[in-house]
Amino acid sequence: MTERDYDIVIVGSGAGGGAVAHELSPLIADGVRIAVLEAGPRLREEEYTGREVEMAERLYYDAGGMFTKDRAMTLAMGRAYGGSTVVYTGTSLKIPRRNLEHWGVPGLEFEDLDRRADKYLTANNVHLLEPDRINDNNRLFREACEKLGWNVEQFPVNVADCLGAGLCNLGCPNGAKQGTHRVQLPAAERAGVEVVTDCRVERIGDRELDVVVTPPGAGDRSAWEPGAYRVRARIVVVCAGAVHSPALLLRSGFGSRLPELGCWTTLHPALILVASHGQPITNYHGHPKSYYCDEFAESEGFLLETCMYFPFTTAKNLNGFGEQHSELLSRMDRLQMILVLALDPATRDNRVTVDRSGSAVVDYRISSSVIRSFVKAIRASARVFFAAGAERVHAPAASRFLLEARDLERIDELVVEEQFQLGQISVTSAHPMGGCRMGSGPQDSVTDCRGRVHGVPWLFVADSSLFPDSAGINPYVTVMALADRVAEGIRAGARDLLAVPEGR
Ligand SMILES: Cc1cc2nc3c(=O)[nH]c(=O)nc-3n(C[C@H](O)[C@H](O)[C@H](O)COP(=O)(O)OP(=O)(O)OC[C@H]3O[C@@H](n4cnc5c(N)ncnc54)[C@H](O)[C@@H]3O)c2cc1C
Ligand code: SF4
């Protein structure tokens, strides 16, 4: 086994890991050695082909379809230099005060997090797209919400010179989306941080990590030769995401001292809804996600967002098979889409565990309150689609594959909870959160409000697993703001933390 020595090792290079790498990089000037170990590949520009199945296999865990334990839901998580920021859509919202205060983490102040979030809005070029860049799929949603009198807001997005290719979730082929792979990681590397890709951390022991570098697949060759490594580090920062961070710590044995490890997972379970218009609309061209409607966030627990997915993803999200399914898909250029996000509260029983081989298992039950939110969201979406002029709406949880405008009056009778059959309706998640929640002590959490693991002074967490409950909004800006706090705490204590003698 090859051995390596660093002062600080960061596991994962996504929203959290990228932010931490950049924030800690000034320490390099003081001789501090920092490495980021990332399980995914570092793709070359020409490898962003925009081909759906190929890119899903290159950039996602389980090609974007990791099942929850009961197989009622799939999870999409990025696996790459830049983590999920390579495949996210780039909608950039700051967590509202009421959501943060609901978390109730002692020492975590809204003003502090909000200021850090602003820093990333600037660094990652977040802005509103100009009106002439909004395509029909988005415009129709906004106009319909306005017609219905529902609050609708434009998403700020983090793009630079966006060509409107609509391929954000397959990795932007135009280098426009400003994830950590474009901003924080290259800056950290310029400062001297080493980023090792195709490098999976298997276990964390006492200030050392067991690591495997896999043979090259897609992307640049890893900086290290394939094989097994033991990496010593004085400080370890775990940023492997809300599924893989708790799984890594569980298989490393930290669960015995941290009873809450893996627990309190929330997912923002999502539905993709589709309607067809009588004529072609611009949907595939243009940024896919420009508006959201939060009219029902507090009262009914759901958000409606615009979206546009690719043929395979769209097909898998329609109920059933056969003629109607195929006919609807053949009208791809007439489809309007809405993404429903259910704002699921964290419960202790929804959790990440590991199987015998140490792999992550997401043991999550879609609750009856989430199903109620979904049913109300499907009815609301049908109203939006018809108000936008759609001819037919595919409404899962309806007794028919397609609803027509004349069905609108009876929408509450036609879309009912009894028809919402788990396992028959495609439910997905791209926002896993929790599992290493912040709090006051091991009795209620895994880390303190600066991401330090209770009772393990050299071990930190800095990613979406820190969330003690749902963010209630698209989460990546909050992940970066939290990671920024963790990095600041590490920098402030670096002298003591790094004072462990060589070869201890
Ligand atoms: C398709 C999609 C669209 C999204 N759109 C948006 C959006 O528009 N707006 C928004 O706010 N949020 C969005 N999100 C969510 C957002 O991307 C995540 O909340 C955020 O990236 C989470 O950051 P993270 O650091 O926790 O994890 P990630 O960014 O997922 O990074 C974790 C990294 O750790 C690596 N890793 C895991 N295990 C190991 C290991 N054992 N060893 C080494 N490396 C490991 C992974 O390969 C991965 O690269 C989207 C997500 C997806 C998947
Ligand atoms: S719309 Fe196209 S160019 Fe713009 S960020 Fe998304 S993939 Fe890149």
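The values are calculated or read from the model by the stated rules, or taken from the named source; none is laboratory data. On a predicted model such as this, the values are computed, not experimentally measured, just so you know. All Cβ positions, glycine included, derive from the backbone under ideal geometry; neighbour counts span all protein chains shown.
Of note:
- Restricting region 40-67 to residues that are surrounded by fewer than 22 Cβ atoms within 10 Å (Cβ to Cβ) and in a loop (DSSP other than H, G, I, E, B), the residue that is nearest to ligand 1 (Cβ to nearest atom): GLY65
- Annotation note: of VAL212, VAL195, the sole residue that is surrounded by fewer than 18 Cβ atoms within 10 Å (Cβ to Cβ) and of a type outside the set (Gly, Ala, Ser) is VAL212.
- Condition met for GLU202 (buried (at least 17 other Cβ atoms within 10 Å of the Cβ) and over 21 Å from the mean Cα position of the chain (by Cα)): no
- Condition met for TYR48 (in contact (Cβ under 8 Å) with a residue 12 or more places away in the chain and either within 22 Å of the chain's Cα centre (by Cα) or closer than 26 Å to PRO156 by Cα (or both)): yes
- Members of region 364-403 that are among the charged types (D, E, K, R) and crowded, with 21+ Cβ neighbours inside 10 Å: ARG392
- Residue check, LEU93 within 16 Å of ligand 1 (Cβ to nearest atom), touching a helix residue (DSSP H, G or I) at 6+ places or on another chain (Cβ under 8 Å), in a helix (DSSP H, G or I) and assigned by TED's automatic domain parsing to the domain that holds GLY451: no
- Residue ID - farthest from TYR61 (Cα to Cα), chosen from residues in region 231-256 that are out of contact with any Gly (no Cβ under 6 Å at 6 or more places or on another chain) and among the basic types (Lys, Arg): ARG234
- Those strands (runs of 3 or more DSSP E) of region 281-382 in which 1 or more residues are farther than 28 Å from ASN158 by Cα occupy 351-354, 360-363.
- Within region 97-182, helices (runs of 4 or more DSSP H) holding 1 or more residues that are closer than 30 Å to ASP444 by Cα, acidic (Asp, Glu) and within 23 Å of the chain's Cα centre (by Cα): 97-103, 110-123
- The single condition among (1) out of contact with any helix residue (DSSP H, G or I) (no Cβ under 9 Å at 6 or more places or on another chain); (2) outside the structural domain of THR91 (by TED's automatic domain parsing); (3) more than 16 Å from ligand 2 (Cβ to nearest atom) that GLY253 does not satisfy is (2).
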